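Notes to accompany the following structure.
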Amino acid sequence: MIRDSLDRIFYSMQMLKKLREKAHTLKSSVFLLYGSLDDPRMPLHVKILALMIVAYIISPIDIIPDFIPVLGLLDEVILVPIMLSFTVRLIPGEIRQEYQQRDELKIEDRRLVVMGGVMVLLTWSVLTGFCINAFF
């Protein structure tokens, strides 16, 4: 009985470790994609695909609506990482290696912080405007 409990705890710890690794990989893919978008060597189709992913993430229209319990969040949890990994694979190898080695692809990057803040403010202001128009 104690052995089963210890096995479950050990299994849970392994799963959490794998989830952390996947989250780190996803985060580094986002920074890699963001950092390499300004590079003139980056193919145009990869830039367009990256912009489409960002548009899908911030868009209120989803393939599976969010109000459906559990299924509504699956498109963000499954589709976005798949689209990101596919797009990162399309980046030429030398560009990918160069940007993975750079230190400026961290969250402290000033441009990323400013852009994220602007996106959050824009989203909330649009939502507030829709609510004001709906009630008044």
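The values are calculated or read from the model by the stated rules, or taken from the named source; none is laboratory data. Small disclaimer: the values here were computed from a predicted structure and weren't measured. For neighbour counting, all protein chains shown are included, and Cβ atoms are generated from backbone atoms with ideal geometry for every residue, glycine included.
Any idea which residue in segment 49-83 is nearest to Ser29 (Cα to Cα), counting only those that are of a type outside the set (A, V, I, L, M) and in contact (Cβ under 8 Å) with a residue 12 or more places away in the chain?
Applying the filter and picking the extreme gives Pro81.
Condition check ((1) free of Cβ contacts under 8 Å to residues at least 12 places away in the same chain; (2) acidic (Asp, Glu); (3) in contact with a Pro (Cβ under 8 Å, 6 or more places away or on another chain)) across all residues:
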residue: Asp7; (1), (2), (3): yes, yes, no
residue: Val30; (1), (2), (3): no, no, no
residue: Leu33; (1), (2), (3): no, no, no
residue: Pro40; (1), (2), (3): yes, no, no
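Out of the residues in segment 91-117 that are loosely packed, with under 14 Cβ neighbours inside 10 Å and at pLDDT 80 or above, which is farthest from Pro43 (Cα to Cα)?
Ranking the qualifying residues of segment 91-117, first place goes to Gln97.
Take the residues of segment 118-136 that are among the polar types (S, T, N, Q) and at pLDDT 80 or above: which is surrounded by the most Cβ atoms within 10 Å (Cβ to Cβ)?
Among those that are among the polar types (S, T, N, Q) and at pLDDT 80 or above, it is Thr123.
Is it true that Ser28 is within 12 Å of the chain's Cα centre (by Cα) and surrounded by fewer than 17 Cβ atoms within 10 Å (Cβ to Cβ)?
Spelling it out, Ser28 is indeed within 12 Å of the chain's Cα centre (by Cα) and surrounded by fewer than 17 Cβ atoms within 10 Å (Cβ to Cβ).
Enumerate the helices (runs of 4 or more DSSP H) found wholly within segment 1-94, keeping only those where 1 or more residues are of a type in the set (S, T, N, Q) and under 30 Å from Ser125 (Cα atoms).
2-36
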